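Below: the structure, in structure tokens.
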Amino acid sequence: MDEIKIVDTSKLAVTGDVTGAFKLKRGEQVNLTRLDPTLRRVMVGVGWDIIGFDSDAPDLDLSIFVLNKHQQTRMDEDFVFYNNLKTIEGAVHHMGDNRTGAGDGDDENALIELEALPYEVEKLAFVISIYEADTKGHDFKSVRNCFLRLANDENNMELLRIHMDQEFEENNKASAMIVGFLERNGPNWFFEGSGEFYLGGLKEIATKYGIVVAY
């Protein structure tokens, strides 16, 4: 397991991106509450581009797993994705599927109400995967300019951004990736970059977190 590096937010500098977002890398962890003490509603955005396809291009998806202290989902609805857009209490809300990745900016979004998350929820895992990659022979080698970003939905302040091109180049045969975790620690919320790849796609990750998947 990679060593986790705590980012000293007092020393963070704005990157050269036009967004002005902080770049978080695999194995780094940042205190989001310290970055923005007013944080209550987190907007998650992911974006990507596909190269080399005129038709039947890879379809990327954002999924979120809501986990308890045992690193497991509590119920099926804790697996938030294109076929289940909300948790039972509505604290995690997926805004819907985008099958092309066309255009600039976010391709898919999710909204997280931190104060509405039940106390037994300790962590949220964010996953990017390719739909039906096993049957269509798709993988990450055709994906470019992929990112995940977190922002304060109430003031539009972007807190961090993770770019995944380098990881995709190094693991281009995979079809699913745990990008990172949003984790509760007392009154604070942290985000940890993961970068863990899975050849078995979203089904393999869902099984890992206690979801029974029909094959």
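The values are calculated or read from the model by the stated rules, or taken from the named source; none is laboratory data. Keep in mind it's a predicted model, so treat the numbers as computed, not measured. Note that each Cβ is placed from the backbone with ideal geometry, even for glycine, and that neighbours are counted across all protein chains shown.
Would you please list the contacts, defined by Cβ atoms under 7 Å and residues six or more apart or on different chains, that run from a residue in the stretch 112-138 that is in contact (Cβ under 8 Å) with a residue 60 or more places away in the chain and closer than 14 Å to Ile64 by Cβ to a residue that is assigned to a loop (DSSP other than H, G, I, E, B) and acidic (Asp, Glu)?
Matching pairs, first to second residue: none at all.
For the stretch 139-171, which residues satisfy the criterion of being under 11 Å from Met43 (Cβ atoms) and of a type outside the set (Gly, Ala, Ser)? So that I can check it myself, show each step before the final result.
Kept after step one, since they are under 11 Å from Met43 (Cβ atoms), are these residues of the stretch 139-171: 149-159.
Residues satisfying the conditions are Arg149, Leu150, Asn152, Asp153, Glu154, Asn155, Asn156, Met157, Glu158, Leu159.
Can you confirm whether Gly193 is surrounded by 17 or more Cβ atoms within 10 Å (Cβ to Cβ), on the phi > 0 side of the Ramachandran plot and touching a residue at least 12 places away in the same chain (Cβ under 8 Å)? Show your work before the answer.
Values: surrounded by 17 or more Cβ atoms within 10 Å (Cβ to Cβ): yes; on the phi > 0 side of the Ramachandran plot: no; touching a residue at least 12 places away in the same chain (Cβ under 8 Å): yes.
So Gly193 fails the test.
Of the residues Glu132, Glu113, only one is among the acidic types (Asp, Glu) and either more than 17 Å from Asp59 (Cα to Cα) or surrounded by 21 or more Cβ atoms within 10 Å (Cβ to Cβ) (or both); which?
Selected residue: Glu113, the only one of Glu132, Glu113 that is among the acidic types (Asp, Glu) and either more than 17 Å from Asp59 (Cα to Cα) or surrounded by 21 or more Cβ atoms within 10 Å (Cβ to Cβ) (or both).
Pick out the one residue from Leu39, Leu35 that is at pLDDT 95 or above, surrounded by 19 or more Cβ atoms within 10 Å (Cβ to Cβ) and under 20 Å from the mean Cα position of the chain (by Cα).
After ruling out the rest, the residue left standing is Leu39.
Does any residue of the stretch 15-24 turn out to be among the aliphatic types (A, V, I, L, M), at pLDDT below 90 and within 11 Å of Leu159 (Cβ to Cβ)?
yes
Which residues, counting only those in the stretch 126-177, are of a type in the set (Val, Ile, Thr) and touching a Pro at 6+ places or on another chain (Cβ under 6 Å)?
Ile130
With the checklist (1) under 17 Å from Ile178 (Cα atoms); (2) part of a loop (DSSP other than H, G, I, E, B) in hand, flag the one item Leu62 doesn't pass.
(2)
Check the stretch 184-193 and report whether any residue there is in contact with a Ser or Thr (Cβ under 7 Å, 6 or more places away or on another chain) and within 15 Å of Ile130 (Cβ to Cβ).
Scanning the stretch 184-193, I find no residue that is in contact with a Ser or Thr (Cβ under 7 Å, 6 or more places away or on another chain) and within 15 Å of Ile130 (Cβ to Cβ), so the answer is no.
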